[in-house]
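K.L.:
Got a structure here, written out as C-alpha cells. Questions coming.
The values are calculated or read from the model by the stated rules, or taken from the named source; none is laboratory data. Just so it is clear, the structure is predicted and the values come from calculations on it, not from any experiment. Here the Cβ is made from the backbone with ideal geometry for all residues, glycine too, and neighbour counts use every protein chain on show.
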Amino acid sequence: MLSETELGDLLTGSGREAFRFELRDRYNSEVGKEPYRRWRTGEPDDHAWHRPWMERVSADVAAGKAWRRVRIVSVPVSDYTRYGIAIGRLSVQAGEDIRYLDRAGAERLGLAPYDAWLLDETRLVRLHFDDADDTFTGAEVVTDPETVTRHLKWRDLAWRCAEPLETFAASL
C-alpha cells in the first residue's frame, strides 16, 4: 500500500493524464479540516493550503498533461459537496477539468464503487479509506491490463454522462 506521500509522488510522476474517480460523500484529512470549517462559517480563506495543488496542475497543464476528475455525489447534495464545488472552482481555474455525476446515475451505469486514479491509461491506483472516519488509509497500484481496460471504459462512460462543474452547480 502506498502512503499519501508516495501517492503524491506517483501522481507528480505520471506523464500525459491523471484521471480521478471520486465517490465518497466526505473526505477527512488534517489539511482540509480548518478550510472546511472556515467555509461553513463564512470566514475568509486565502487558500494557501490549496496553492501547491493548483500550481502543480497549472504547470502540468501548461506542459500538456491533462488532469480530469469525475465526482460522483449524492443528491440532494451535502454542505461538504457544496464546499467541494467551491474548492473545485479553484482547481478548474488552474486547468483541471472537473465534472459531476449523481450517485443514482452512476449506479445505473455500473461504475466502479470506489475511488481511484487512472494514470496514463496504463495504471489504476485504487484508493482505500476508513469507512468509520473517512480518512485515507493507502493506495494500491494495479497494472493488470484487463482491470485497467475495464476502468478506462468506466472513465469514458462517466465522462460522457457527467456534467461540467459549473453546469452541475447551476442546477442546485
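K.L.:
Within the set of pairs 6+ apart or on separate chains, which have a first residue in segment 111-139 that is assigned to a strand (DSSP E or B), a second that is surrounded by 14 or more Cβ atoms within 10 Å (Cβ to Cβ) and among the basic types (Lys, Arg), and C-beta atoms under 6 Å apart?
P.N.:
Ala116/Arg126; Trp117/Arg20; Leu118/Arg155
K.L.:
Out of curiosity, is Asp46 farther than 17 Å from Glu96 by Cα, acidic (Asp, Glu) and either touching a strand residue (DSSP E or B) at 6+ places or on another chain (Cβ under 9 Å) or touching a residue at least 12 places away in the same chain (Cβ under 8 Å) (or both)?
P.N.:
On the way: farther than 17 Å from Glu96 by Cα: yes; acidic (Asp, Glu): yes; either touching a strand residue (DSSP E or B) at 6+ places or on another chain (Cβ under 9 Å) or touching a residue at least 12 places away in the same chain (Cβ under 8 Å) (or both): no.
Considered against the rule, which asks whether it is farther than 17 Å from Glu96 by Cα, acidic (Asp, Glu) and either touching a strand residue (DSSP E or B) at 6+ places or on another chain (Cβ under 9 Å) or touching a residue at least 12 places away in the same chain (Cβ under 8 Å) (or both), Asp46 comes out as no.
K.L.:
Starting from segment 6-23, take each residue that is farther than 11 Å from Trp67 by Cα and list its partners that are assigned to a loop (DSSP other than H, G, I, E, B) and of a type in the set (Phe, Trp, Tyr), counting only C-beta distances under 7 angstrom and pairs at least six apart or across chains.
P.N.:
Leu23/Tyr114
K.L.:
When residues of segment 108-148 are filtered for being acidic (Asp, Glu), in contact with a Ser or Thr (Cβ under 8 Å, 6 or more places away or on another chain) and closer than 17 Å to Trp67 by Cβ, how many remain? Walk me through how you get there before you give the answer.
P.N.:
Going through segment 108-148, the residues acidic (Asp, Glu) turn out to be 115, 120-121, 130-131, 133-134, 140, 144, 146.
If we keep only those that are in contact with a Ser or Thr (Cβ under 8 Å, 6 or more places away or on another chain) as well, we get 120, 130.
Now drop any that are not closer than 17 Å to Trp67 by Cβ, which leaves 120.
Final tally of qualifying residues: 1.
Conditions (1) modelled with pLDDT under 95; (2) touching a helix residue (DSSP H, G or I) at 6+ places or on another chain (Cβ under 7 Å); (3) small (Gly, Ala, Ser), marked per residue:
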{"residue": "Gly15", "(1), (2), (3)": "yes, no, yes"}
{"residue": "Ala18", "(1), (2), (3)": "no, yes, yes"}
{"residue": "Glu22", "(1), (2), (3)": "no, no, no"}
{"residue": "Ser29", "(1), (2), (3)": "yes, no, yes"}
{"residue": "Asp60", "(1), (2), (3)": "no, no, no"}
{"residue": "Ser74", "(1), (2), (3)": "no, yes, yes"}
{"residue": "Asp79", "(1), (2), (3)": "no, yes, no"}
{"residue": "Leu90", "(1), (2), (3)": "no, yes, no"}
{"residue": "Gln93", "(1), (2), (3)": "no, no, no"}
